[in-house]
Amino acid sequence: MAKINKNSNVKVKGLEGIIAGQTNISFIDGLKGRLFYRGYSIEDIAENCTFEEVSYLLIYGKLPNKNELKNFSTTLKRKRALPKHTIRMLHTFTKNMSSMEALRTVVSSLSSNDKDSRISSYEEKLDTGLSIIAKMPTIVAYHYRIKNSKTPIPPNPKLSHAENFLYMLTGKIPDSEGAEVLDKDFVLHAEHGFNASSFSVRVTVSTLSDVHSAYTTGIGTLKGPLHGGAATEVLLMLKNIKKPENVSSYVNKIILSHGRVMGYGHRIYKVYDPRAKILKKMAENLSAKNNNTTYVEIGQKLEHMMSDKKNIYPNVDFYSAIVYHNLNLTHELYSPIFAIARSSGWLAHILEQYKNNRLIRPLEEYTGNLNLKFIPISKRK
Ligand code: CMC
């Protein structure tokens, strides 16, 4: 970890500017707006790869050949089904439980099935991670349907990861365009350096804790509105703004109150997020096709105002919310979709950390009192 130098641009709060470890998984250039997965640009990856291919790349460190991809996809398909006791557990959740809470709880509980905490080899950890990646869409779809008083739909092994997720949500084989859009969205969300959830996953693994605990940590960290919870907030914000004419007063109010425009700003990108550029095109195409461009128009206005007033640009969550909305996905599913996509990046980080582990334990700067005189409880006011 870098030493804190008062003259450098390192800020203790939020660990900004601190290099907390090394990685071969992805590279982000925040000043140029570039992102690479294992050396390949996100533009090339998004154009040419499926989620399964990208997951293989992130986890194994190289692009798969045809045979490797086929075996990998088959492995994921075989692991999709949930154990019976897990399905029973999903039926016990109250209607108040959000999708992310259900996902976090169920992923944690799967350790009783996978015997993860009692295993130690690298291959077994990899296998556990693949099992979680494969099951996450099933958990989210089953929970969604049970919560909405619908019968869960078992996974269909003929379908890809993205297709099958949409199928399990709706019971209909999705059209190829919808599935391709979601697949690309998964690809764009799969990995992003030492973001809060991936870093938290690494912290958990660094204590030599198990893979299920790492995923549980990751889901809990992703859930917050400053991270993966942002897309849900974006949709609520767009609903609240309602029409492009209201953008100006909305932004002015937020800026005056030191609030946040959701889906805007990023710790690393000081220019346009390269993932947002791709998602923006997807959102524009889908909105035009669906003949409902209001949210995209609101987005244009927000972009102008935020870059003029704050020099801040949309991040990955802004246009993904419009994409999901156009796929008829309810806003409660937006964060779980992010989690489903990030699950392969998390596994890459889990394995990288295990391979070259040292306990992650930074220093703190103590700002409290010292040497206080102890007061017995009977004398405290
Ligand atoms: N709306 C309004 N002002 C903002 C925003 C925003 N979304 N983001 C940053 N700022 C301003 C902030 O008010 C501050 O201004 P000033 O210096 O005048 O006080 C300045 O930018 C720096 O803010 P910061 O909080 O120090 O920046 P950060 O690096 O800690 O925050 C962030 C990064 C993503 C938490 C923040 O931009 C934010 O809250 N965005 C909205 C939530 C969001 O969209 N989150 C998704 C992040 S990207 C995907 C992911 O990783 O999950």
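The values are calculated or read from the model by the stated rules, or taken from the named source; none is laboratory data. Just so it is clear, the structure is predicted and the values come from calculations on it, not from any experiment. Methodologically, a virtual Cβ is constructed for each residue, glycine included, from the backbone with ideal geometry; neighbour enumeration extends over all protein chains shown.
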Where a residue in segment 306-328 is touching a residue at least 60 places away in the same chain (Cβ under 8 Å) and near the ligand (Cβ under 9 Å from one of its atoms) and its partner, wherever it lies, is of a type in the set (A, V, I, L, M) and part of a loop (DSSP other than H, G, I, E, B), with Cβ under 9 Å and at least six apart | Asp317/Met262; Phe318/Val261; Phe318/Met262
Which condition breaks for Thr221 when tested against (1) more than 13 Å from the ligand (Cβ to nearest atom); (2) in the same structural domain as Ser99 (by TED's automatic domain parsing)?
-> (1)
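Each row is one residue, and each column tells you yes or no for (1) closer than 30 Å to Asn148 by Cβ; (2) outside the structural domain of Pro137 (by TED's automatic domain parsing); (3) more than 21 Å from the chain's Cα centre (by Cα); (4) without any contact (Cβ under 8 Å) to a residue 24 or more places away in the chain.
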position	(1), (2), (3), (4)
Ala81	yes, no, yes, no
Met89	yes, no, yes, yes
Phe93	yes, no, yes, no
Ser99	yes, no, no, no
Val106	yes, no, no, no
Could you tell me whether any residue of segment 331-345 is without any contact (Cβ under 8 Å) to a residue 12 or more places away in the chain and either over 22 Å from Lys242 (Cβ atoms) or among the acidic types (Asp, Glu) (or both)?
-> no
Say we look at segment 9-44 and pick out the residues that are assigned to a helix (DSSP H, G or I) and touching a Lys or Arg at 6+ places or on another chain (Cβ under 9 Å); which of these is nearest to Glu365 (Cα to Cα)?
-> Gly14
Among (1) surrounded by fewer than 23 Cβ atoms within 10 Å (Cβ to Cβ); (2) among the hydrophobic types (A, V, I, L, M, F, W, C); (3) away from the ligand (no atom under 16 Å from the Cβ), the one test that Leu226 misses = (3)
Here the residues within segment 348-376 that are in contact with a helix residue (DSSP H, G or I) (Cβ under 7 Å, 6 or more places away or on another chain), surrounded by 10 or more Cβ atoms within 10 Å (Cβ to Cβ) and not β-branched (Val, Ile, Thr) are Ala348, His349, Leu351, Gln353, Tyr354, Asn357
In segment 249-279, residues that are surrounded by 14 or more Cβ atoms within 10 Å (Cβ to Cβ) and assigned to a helix (DSSP H, G or I) total 10
Does at least one position in segment 291-304 carry a residue that is under 30 Å from Ile19 (Cα atoms) and not assigned by TED's automatic domain parsing to the domain that holds Thr207?
-> no
For segment 252-299, enumerate the residues that are within 9 Å of the ligand (Cβ to nearest atom) and within 16 Å of Lys239 (Cβ to Cβ).
-> Ile254, Val261, Met262, Gly263
Inspect all residues belonging to segment 13-25 and state whether any of them is within 17 Å of Ala341 (Cβ to Cβ) and either modelled with pLDDT under 95 or not basic (Lys, Arg) (or both).
-> yes
Taking interchain pairs and intrachain pairs at least six residues apart, which have beta carbon atoms under 7 angstrom, with the first residue in segment 229-240 and over 11 Å from His325 (Cα atoms) and the second in a helix (DSSP H, G or I) and within 8 Å of the ligand (Cβ to nearest atom)?
-> Ala230/Asp317
